[in-house]
1. Which one of 70, 77, 88 is touching a helix residue (DSSP H, G or I) at 6+ places or on another chain (Cβ under 9 Å) and basic (Lys, Arg)?
2. Just for the stretch 119-154: of the residues that are among the hydrophobic types (A, V, I, L, M, F, W, C) and more than 26 Å from residue 62 (Cα to Cα), which one is surrounded by the fewest Cβ atoms within 10 Å (Cβ to Cβ)?
3. Determine whether the stretch 110-118 contains at least one residue that is buried (at least 19 other Cβ atoms within 10 Å of the Cβ), at pLDDT below 95, in contact with a Lys or Arg (Cβ under 7 Å, 6 or more places away or on another chain) and of a type in the set (A, V, I, L, M, F, W, C).
4. Check the stretch 214-232 and report whether any residue there is under 30 Å from residue 90 (Cβ atoms) and at pLDDT below 95.
5. With the requirement that a residue be in a strand (DSSP E or B) and among the acidic types (Asp, Glu), what does the stretch 43-60 give you?
Amino acid sequence: MKMKKLTALALAGALCMGMSTVALAAPSVGSEDAITATTENGESVDLETESIEIGRGTEFDGWDSSNPEKASDAIKKTFENASVDYEKVITELKQKNDPKLAGLIAEYEKQQAALDELVNSDDLIEVATLVDISLPEGQDVVDPEHPLTVKFVLNNRLENLAVGQQIRIMHQNEYTGLWEVYEGEVKWDAATSEFYVENEFTSLSPVAILRVTSDGSVQVTPPGQKPGDTNQPGDQPTVTPDEDGKLTADQLADLIAKKLQANGVKFDRTAATGKASPKTGE
């Protein structure tokens, strides 16, 4: 009897989760997600976005692999090559023996170190967006005096999004061709029900938005109605696997129950283990 109840609950949960998480399937790398920009004064700016070629012979060879580990390795290979580019430029600048270049050299060394940290880590790196961004012809320039804050919506790119997850905003500077590394985190827009990340840019061109998972594991955190709101228990149900990565029947049932409740399904869950039912004795 206990198994029948648990099976029925699991089937109902699977049905509910299936209907509510269709958009979480990870698509191929591209630029379909919403990308918007605003000036320092809060004025909206139109952007032009263009997909970047991915495949053999390109800088992004392997980024579109269906195997997460292989895609992550391909991304790291790209940035390993980018670190070599930094090394060449830094060496050339140091050979000039010009004190005025000290600040630029320090900035390049900082960027190279950020790339090396990603390359040498065991982190799993996932691609959220890879896109070439530009302003329509005739619009104002983007430079240090005229920066743009660009917002990237992540809903259609990554599974198991949660507020606070690590994001790397990688930007290939249009003037130097060097990759710049910026740190960010997933945010939640309650008005539009969107997960997003944003960053200020002083030049445009290719941008890669990457999620870094520190332990290489998939997080069991289905997004609720108010992701990341710690003052609203139950909005974002979570479970913690044991050392072998397994879940108990009760943990699974709890997760499904909370997911159903988040979708407005009213019922009481009876634990799959524990004392016998006072009504049936089972």
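1. Details: 70 fails: touching a helix residue (DSSP H, G or I) at 6+ places or on another chain (Cβ under 9 Å); 88 fails: touching a helix residue (DSSP H, G or I) at 6+ places or on another chain (Cβ under 9 Å).
Only one candidate passes the filter, namely 77.
2. Kept after step one, since they are among the hydrophobic types (A, V, I, L, M, F, W, C), are these residues of the stretch 119-154: 119, 124-125, 127-128, 130-131, 133, 135, 141-142, 148, 150, 152-154.
Checking the rest, the ones that are also more than 26 Å from residue 62 (Cα to Cα) come to 135, 141-142, 148, 150.
Details: 135: 16, 141: 9, 142: 23, 148: 22, 150: 23.
If we take residues in the stretch 119-154 being among the hydrophobic types (A, V, I, L, M, F, W, C) and more than 26 Å from residue 62 (Cα to Cα), then 141 is surrounded by the fewest Cβ atoms within 10 Å (Cβ to Cβ).
3. Yes, the stretch 110-118 has at least one match.
4. Going through the stretch 214-232, the residues under 30 Å from residue 90 (Cβ atoms) turn out to be 214.
This time we only want the ones that are at pLDDT below 95, so: 214.
Checked the stretch 214-232: at least one residue is under 30 Å from residue 90 (Cβ atoms) and at pLDDT below 95.
5. First pass over the stretch 43-60, keeping only residues in a strand (DSSP E or B): 44-45, 48-51.
Selection gives 48, 50.
Residues checked against (1) in the same structural domain as residue 171 (by TED's automatic domain parsing); (2) modelled with pLDDT of 90 or more; (3) in contact with an Asp or Glu (Cβ under 8 Å, 6 or more places away or on another chain):
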residue: 11; (1), (2), (3): no, no, no
residue: 38; (1), (2), (3): yes, yes, no
residue: 52; (1), (2), (3): yes, yes, yes
residue: 69; (1), (2), (3): yes, yes, no
residue: 76; (1), (2), (3): yes, yes, no
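The values are calculated or read from the model by the stated rules, or taken from the named source; none is laboratory data. Please read all numbers here as calculations on a predicted model, not as lab measurements. Cβ: placed from backbone, ideal geometry, glycine included. Neighbour counts: every protein chain shown.
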